[in-house]
Structures are given as C-alpha cells and as structure tokens.
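Beneath this line is the structure, given in structure tokens, with notes to follow.
Values quoted throughout were computed directly from the atomic coordinates according to the rules given, and no laboratory measurement underlies them. Every value quoted in this text rests on a predicted model; they were computed, and no experiment measured them. Please note: Cβ atoms are built from the backbone with ideal geometry, for glycine as well, and neighbour counts cover all protein chains shown.
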Amino acid sequence: MATCKVAPSLLSANFANLQRDLEMINHSEADWLHLDIMDGVFVPNISFGFPVLKHVAKYSTKPLDVHLMIVHPEKFINEVRDLGTYMMNVHYEACLHLHRVVQQIKDAGMKAGVTLNPATPVSVLEDIIGDLDMVLLMSVNPGFGGQKFIPNTIKKIKDLHALMERTGAKPIIEIDGGVNMNTAPYLVEAGVDMLVAGNAVFAAPNPELMIHQLRNC
C-alpha cells in the first residue's frame, strides 16, 4: 500500500456551510488545502476571490496551495502572500514571462508552482524546472469540477519524471482533476506526490475517511 499526500479542493465544498467543511479538513489527515481562483477569462468559470479567501485563511490550519487559473497572476502575488500562502501556483499558459513570475513568487516568501494544461507538454519546462518547487499537471481541462480523468496524464507524469532525472530537478508532482479511488492508485504508482481531490472528498458519505483512503491507496 502506497502513501500519497492529499490536498482537498475547496471548489467542491458546500459554500453555504463553508466553516463546517473547513473544520472537517482541519480535523482530517489532509496535507494541504487547495484553493482554485478562476477569473472567467483564462477559464470559463468564476470561483471565489480574496474577500472569501481571507476568511478561509483565517479558519484553515492546513498549508494553503493557491492555484491561480487567471490571466496576469503576477498582479496578485502580494494578495496571495498576505493570505499566509505556502504554495502559489500559476499556469504556464497564462505567464508571458514565466521565469520572472516564479522569481517574484519566491521573493515574496512563497513556494513556486507551475501548472500545465492537458494539451501542454512537460518539455516546455526544460529551462525552468530547476527553479520550481512544484509542477501541477491538470488531468482535466481547468474550469469546472467533476470532470472525467484524462488517461494521457499517466504518460505526462512519466515524461515529467524523465525530465527531472535528466535535469536533476526535484519539484513536487501534483495532479488535479478526476482524482478518486479508481484513478489514485495509478497516479501514485506513476510517481505522484500530491493528489488534489474535490468531488471525491466532498461528495463522499464520510469525507474524512475518503481523505484517509486517498492518502493510503
């Protein structure tokens, strides 16, 4: 039985009972809390902004993994930092000057992650992977929860490991999209470090048990 870390995605929580769901995560074996910020431009949906996130940060006892699915994410580095964020995660596809953005995130005192959409090959990270603390591979197209897992993600994980071995880089590998008890074992076997799980956790009869099962799949 393998062990993998889990970051529940707040996007799938019940926003009418948000404090209840945050307390559940706090008491669970979750390693991080994953926060998806969407702007309706980079992705075809809008999630939540900093007025909500300030309250989330106040109640959460888990390290915050902030995933910006937005254009010009560099404009909000200070706001993300002020939440007490551990990992700030930006999309390769949204950053014209990715190296600069990564350095700005680190200069602000956060860990820097870069996300790749399903159609973006891992080879685009060749010249920057040594600067990254994490690589997030989207296993669905970003913008909505509850989508079906894209099988080619397994190949991309292997490609990423090959790139890491070739360059000597050691970022955390995180997967987001369609993660559940059916897909998680294959992801862990392929060498994933962190699973982002939304519907699998919050739609489960016992969310804390589901987090435990995902961590030990």
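Numbers below:
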| read-out | value |
| --- | --- |
| Options H99, H34, H91; residue that is in contact with an Asp or Glu (Cβ under 9 Å, 6 or more places away or on another chain) and under 27 Å from L187 (Cβ atoms) | H34 |
| Candidates A162, A204 - the one that is of a type in the set (A, V, I, L, M), free of Cβ contacts under 8 Å to residues at least 12 places away in the same chain and surrounded by fewer than 17 Cβ atoms within 10 Å (Cβ to Cβ) | A162 |
| Among the candidates K62, K111, residue that is among the charged types (D, E, K, R), surrounded by 15 or more Cβ atoms within 10 Å (Cβ to Cβ), in contact with a strand residue (DSSP E or B) (Cβ under 6 Å, 6 or more places away or on another chain) and closer than 25 Å to P121 by Cβ | K111 |
| Qualifying residue in the range 70-77 (condition: outside any helix (DSSP H, G or I) and on the phi < 0 side of the Ramachandran plot) | yes |
| Of residues in the range 107-126 being in contact (Cβ under 8 Å) with a residue 24 or more places away in the chain and of a type in the set (D, E, K, R), the one nearest to A7 (Cα to Cα) | K111 |
| Residue check for L98: out of contact with any strand residue (DSSP E or B) (no Cβ under 6 Å at 6 or more places or on another chain), buried (at least 21 other Cβ atoms within 10 Å of the Cβ) and of a type in the set (A, V, I, L, M) | yes |
| Selection from the range 28-51 of residues that are out of contact with any helix residue (DSSP H, G or I) (no Cβ under 7 Å at 6 or more places or on another chain) and part of a helix (DSSP H, G or I) | P51 |
